[in-house]
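The structure under discussion appears below in the form of structure tokens.
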Amino acid sequence: AMINSETLGSVTLLPGSYPQRAGRHLGGETDLMTRDGRRDAFHGRAGLSGTSAGFLGEGPIAAKGSWLASVRRSYLDYLIKRIDPGNGFAFGYVDAQVKATYDLTTRHQVSMTALLGRAKFEEGDPNIGANEVRTAVSRAWLASLSWRYLPSARLAITQRLYSTGLHYDNENRVGASLDVSRLAELGWRADASYSPAAGVVVDFGGDAERLDGRSTITRQLSSITPPAALNDYG
């Protein structure tokens, strides 16, 4: 949901028996390929829907590259609060995406991609229990720096350094923490494609990853909770 569909070059659903280029998972996969920005001139457009507003811009970089940037912001939560302040549901998000590509030579290309997103949920009901979520905030990101090398018309080598992660905090009605999670991944990946003959392509590669994670779940009694609500805690 953090990816603006206008920044995509292709979307492919892979139900099974696909090359394991991204991890070692089973089951279906949706492959999202972001496109490069336009190299002829600057182009920009803004959009407004019933729930969000967004802007996308793209253009050349010194006649040898391109950039693409997108930002979106929802305002449905703002409208709900103004129309019905006592409504029990308010959800909003903001996300941004940037991609830059530059051709060092005819054989070497570098690119950078960054994706950031923040979502917030607020429960408007003042009578929720002490262990129910009043406010939930989630932040996620993905950053990648890649280098592509074409030593010949038959061989392509791509190396990529990337980082991705997720932080979220859930709080109860008095601002006490209920759930906290910090997940982050740093990795390097190398991929190569070789075509020994027409209609034949061999893919190979490898990766190294470092995973960091911390998750805390807290359930506590509140001093303002009446005894009748103790059943909520088991």
Considering every residue within segment 125-134, establish whether at least one is outside any loop (DSSP other than H, G, I, E, B) and open to solvent by 30 Å² or more (accessible area, probe 1.4 Å). no
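Any chance you could count how many residues in segment 55-77 are assigned to a loop (DSSP other than H, G, I, E, B) and aromatic (Phe, Trp, Tyr)? Break it down stepwise before answering.
Here is the first cut: in segment 55-77, the residues assigned to a loop (DSSP other than H, G, I, E, B) are 62-64, 75.
Within this subset, residues satisfying the condition of being aromatic (Phe, Trp, Tyr) are 75.
Final tally of qualifying residues: 1.
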All but one of (1) modelled with pLDDT under 90; (2) more than 23 Å from residue 162 (Cα to Cα); (3) under 16 Å from the mean Cα position of the chain (by Cα) hold for residue 73; which doesn't? (1)
Are any residues in segment 97-113 hydroxyl-bearing (Ser, Thr, Tyr) and under 19 Å from residue 71 (Cα atoms), and if so, which ones? 101, 113
Tell me, which residue of segment 106-150 that is among the acidic types (Asp, Glu) and in contact with a Gly (Cβ under 7 Å, 6 or more places away or on another chain) is modelled with the lowest pLDDT? 125
Only one of (1) over 19 Å from the mean Cα position of the chain (by Cα); (2) in a strand (DSSP E or B); (3) polar (S, T, N, Q) is not met by residue 105, so which one is it? (2)
If we scan segment 157-170, do we find a residue that is at pLDDT below 90 and out of contact with any His (no Cβ under 9 Å at 6 or more places or on another chain)? no
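Limited to segment 191-203, what total is found for residues that are in a strand (DSSP E or B) and either more than 26 Å from the chain's Cα centre (by Cα) or over 11 Å from residue 156 (Cα atoms) (or both)?
Residues flagged as in a strand (DSSP E or B) and either more than 26 Å from the chain's Cα centre (by Cα) or over 11 Å from residue 156 (Cα atoms) (or both) within segment 191-203 amount to 9.
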Positions within segment 1-31 being in a strand (DSSP E or B), open to solvent by 60 Å² or more (accessible area, probe 1.4 Å) and modelled with pLDDT under 90, in sequence order: 13, 30
Which condition number does residue 35 fail, the rest of (1) within 30 Å of residue 122 (Cβ to Cβ); (2) in contact with a helix residue (DSSP H, G or I) (Cβ under 9 Å, 6 or more places away or on another chain); (3) open to solvent by 50 Å² or more (accessible area, probe 1.4 Å); (4) not hydroxyl-bearing (Ser, Thr, Tyr) being met? (1)
Which residues, taken from segment 32-54, are part of a loop (DSSP other than H, G, I, E, B) and modelled with pLDDT under 90? 49, 50, 51
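The values are calculated or read from the model by the stated rules, or taken from the named source; none is laboratory data. Remember, it's a predicted structure, so these values are computed and weren't measured experimentally. Positions of Cβ are generated from backbone atoms using ideal geometry, with glycine treated the same way; all protein chains shown enter the neighbour counts. Ligands, DNA and RNA are excluded from the accessible area calculation, which covers all protein heavy atoms including side chains. Shrake-Rupley method; radii C 1.70, N 1.55, O 1.52, S 1.80 Å.
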